Amino acid sequence: MTGVEGELVGGNRITGVAGRGAMGVVYRGEQPALGRPVAIKVVNPDLADDPEFRARFEHEARVAGSLDHPHIVPVYAAGEDRGRLYLTMRYVDGTDLATALRRDGPMPPALAVEVVEQVGSALDAAHERGLVHRDVKPANVMLTWRQGRPHAYLTDFGISKVVGAAGPTRTGAAMGTLDYMAPELLVGDPYDGRADVYALGAVLYQALTGRAPFRRETDAARIYAHLNDPVPEDERVPPALMSVVRRAMAKRPTQRYTTGAELAAAARAALGGQAERRTSSAAAALPYERVAGGASGTGGPGRRGLLLGGAAGLLAAAGVGGVLWMRERGDGPTVGGGGSATPTSEPTLPDDEPAGRVDARVAELKVGPEPSALIPLTTQFFCANNDNTVSHLSLSTQRVTSIDVGKKPLELMKGRSTVLCLNDDFFMVPIDIGTLETGEHVKFTPGRITAVAAEDDAGWVSTPEGLHRLDLNTGRKTLNVSLDRRFSSLSIVQGALFGIDHDRKELCRFDVTTGQQAAAPLPLPSDAVVIASVQDQLVVAGSSRLWKLVGTRLVEAPLFRTVRVSALFQSDASVWAGLTQSRALRRLRPDLSGFIGAPVPGVTLGPKFLAAVGTDNVVVVDDTTSKATVVTVTPLR
């Protein structure tokens with residue numbers, strides 16, 4: 001199978017490659033008669049030539065095709081074309097959960113439970129028809145987003161088993177993915193839908209922690225762990241949810257939940273029974289949706305900031321949003337190499353002098369409900385809220401002005417005289433910085449946005465179609481660049497536009513005038529997720545590491561070998577960090593080699609917060625209370 005565009009398989013025209021797996025290749029395609037996009041799964045020839053596999057494939061394709069459920073990808077047709085077995089399915093334009101977790105880190109508990117509820121309902125529908133999936137894993141859960149809510153699809157019933165059917169598997173051939181396989185599948189014992197419940201418990205664990213339950217060096221060690229070891233505790237998982245995971249992954253099927261619905265109900269009860277707060281949905285879900293940078297944790301879309309590990313992770317370019325959820329792996333952020341850890345001769349502060357103090361003269365300022373983005377303009381700050389407003393904070397007048405932008409704001413991009421607001425209905429709304437008046441609402445097409453960046457009066461937006469340059473004063477496009485790349489993060493550094501191609505794991509550089517690629521792509525570490533300009537240098541952040549771009553190579557920053565960091569954010573004058581364990585706010589040296597002064601007293605950072613640095617102030621907004629705390633920066637000497 002060549003996968004050449006235009007080739008027909010089962011009457012469907014191939015338009016591209018969507019993914020590859022052990023059983024075959026999934027192509028994007030189109031049904032010419034209907035103009036309907038489809039996914040075409042073509043089985044590997046060595047499997048298709050096996051009569052036993054062929055018979056099982058045909059039987060199970062019929063059963064899978066009979067499933068009609070909102071969280072199961074519909075199978076349109078199955079057959080053989082020139083000796084090739086294929087399935088035609090609905091094409092889901094989304095991101096699989098495995099990719100989302102690698103890119104954005106662990107999900108907030110309520111969001112993870114919502115996804116597991118949907119997958120559990122899909123499994124129950126399959127089990128009612130006698131079909132056991134046997135390969136439930138994050139890679140087989142596709143995520144799309146509808147009005148800010150996740151919609152999960154369970155995919156790939158390719159190795160599923162009809163309970164009671166003869167000849168399911170070759171002797172000794174365990175079917176499934178080792179990280180999620182129930183003990184009975186590993187040892188060849190009889191099994192039923194509770195094997196899928198075990199795997200769903202493992203998926204829930206990974207959604208909450210960012211990693212599979214039993215990470216071992218060898219397959220034999222992983223098998224042993226599934227058979228003998230308890231599910232490892234993780235401090236990021238609430239104890240009540242940890243109990244749900246442990247029962248779902250009980251070694252004996254009789255000790256597990258019997259259905260996906262039962263597991264989901266227990267998980268929901270562990271959350272207190274409540275539906276997910278809108279803050280969690282809008283702030284925490286958006287990084288997975290990537291419609292726009294959304295925000296939770298330190299910083300938010302408009303700050304120059306970077307979040308590493310801790311409760312949340314953020315890296316935002318100057319004047320633009322780009323929030324990602326990231327978690328440290330292993331023992332937390334561990335970086336080395338590059339730079340100097342010794343004090344410099346630059347102005348500094350004694351180690352025992354606070355780098356800033358809470359300004360008691362500033363009256364209590366409160367922004368709108370469930371804030372999700374914060375950008376600085378010297379002594380002014382703009383904050384996006386969940387009630388269709390943007391709050392304008394003036395430190396000089398100690399006033400907060402609410403600006404109606406029509407719909408919920410997702411992104412804020414800062415120009416010279418305008419803040420451009422991107423709403424969740426994909427309209428761009430310019431806000432005049434001087435008058436706070438809104439201009440004409442301009443529809444952005446195509447609507448789906450994966451990353452943004454801004455500098456001066458130009459904003460850059462990445463969509464599946466390519467890159468688009470915007471006039472931040474009007475919200476109108478001034479340049480379209482068609483690309484076969486989808487960027488998960490953008491940043492403008494010293495007149496160049498950089499982007500992370502997450503699928504290829506490459507760092508690309510573009511000319512901001514023409515939009516054309518300006519240099520050969522640079523390979524990135526596997527866990528590189530997000531980029532930003534920090535003190536006019538490109539910084540690349542991973543789940544637990546940070547690199548600086550030096551020439552054409554990445555050098556790990558000498559940042560926090562022993563200190564866990566939840567966030568970095570900066571202005572032209574200073575760089576600041578939120579610490580994970582102490583919840584302290586601290587100032588950094590410009591080269592990110594260490595701290596300046598002591599922590600800011602009176603500031604305890606919550607698990608979710610926004611922060612931005614102005615000229616002489618740092619503003620921290622609590623996600624829960626919407627209260628803004630103003631910190632006056634201590635001058636260096």
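None of the figures in this text is laboratory data; all of them are computed from the coordinates on show. Treat the numbers as computed from the prediction; the structure is a model and nothing was measured. For neighbour counting, all protein chains shown are included, and Cβ atoms are generated from backbone atoms with ideal geometry for every residue, glycine included.
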Exercise for the section: Taking a cut-off of 25 Å between Cα atoms, list the lysines near Lys137, but don't count ones fewer than 8 places away on the same chain. Expected result: Lys41, Lys161, Lys251, Lys505
Handout entry: Sites Ala55 and Thr254, calculated FRET efficiency, Cβ-Cβ separation with R0 25 Å, nearest 0.05
Key = 0.20
Exercise for the section: Would you list, by chain and number, the lysines whose Cα falls below 19 Å from the Cα of Lys366, excluding same-chain residues fewer than 8 positions away? Expected result: Lys408, Lys608, Lys627
Fill in the blank from the handout: Interchain or sequence-distant (5+) residues whose placed amide H lies within less than 5 Å of the amide H of Ala458 are Leu472
Completion exercise
Volume per residue (Å³) of the convex hull spanned by the alpha carbons of region 351-634 is 121 Å³
Exercise for the section: Report the one residue of Val9, Leu85, Pro74 whose Cα lies farthest in the direction of the positive end of the charge dipole of region 1-94 (charges on C-beta: Lys and Arg +1, Asp and Glu -1; origin at the Cα centre). Expected result: Pro74
Problem - Convex hull volume per residue in cubic angstrom - Cα atoms of region 7-90 - result: 95 Å³
Problem - Whole-Å distance, taken between Cα centres, linking region 504-542 and region 17-63 - result: 36 Å
Exercise for the section: Just report the Cα centroid separation between region 74-138 and region 364-438, whole Å. Expected result: 38 Å
Fill in the blank from the handout: Amide H contacts under 5 Å for Val529, restricted to residues at least 5 apart in sequence or on another chain and with H modeled in the peptide plane, are Ala541, Gly542
Exercise for the section: Using only the Cα atoms, work out Rg/Rh for region 546-637, with Rh taken as the Kirkwood radius, to two decimals. Expected result: 0.98
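What is the Å³ per residue value for the convex hull set by the Cα atoms of region 420-492? Can you show the working numbers first?
Details: hull volume 5.9 nm³, N = 73.
Taking the convex hull of the Cα positions in region 420-492, it is 81 Å³ per residue.
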Completion exercise
Taking Lys and Arg as +1 and Asp and Glu as -1, residues besides Asp81 with C-beta under 14 Å from its C-beta add up to +2
Exercise for the section: List the residues whose amide H sits under 5 Å from the amide H of Tyr76, counting only those 5 or more places along or on another chain, with H placed 1.01 Å from N in the peptide plane. Expected result: Thr88, Met89, Arg90
Practice task
Show which lysines lie in cross-link reach of Lys407 when reach means a straight Cα distance below 17 angstrom and same-chain residues fewer than eight apart are skipped.
Solution key: Lys443
Problem - For a label point 7 Å along the Cα-to-beta-carbon line of Leu8, residues of region 82-113 with backbone N under 16 Å - result: 82-84
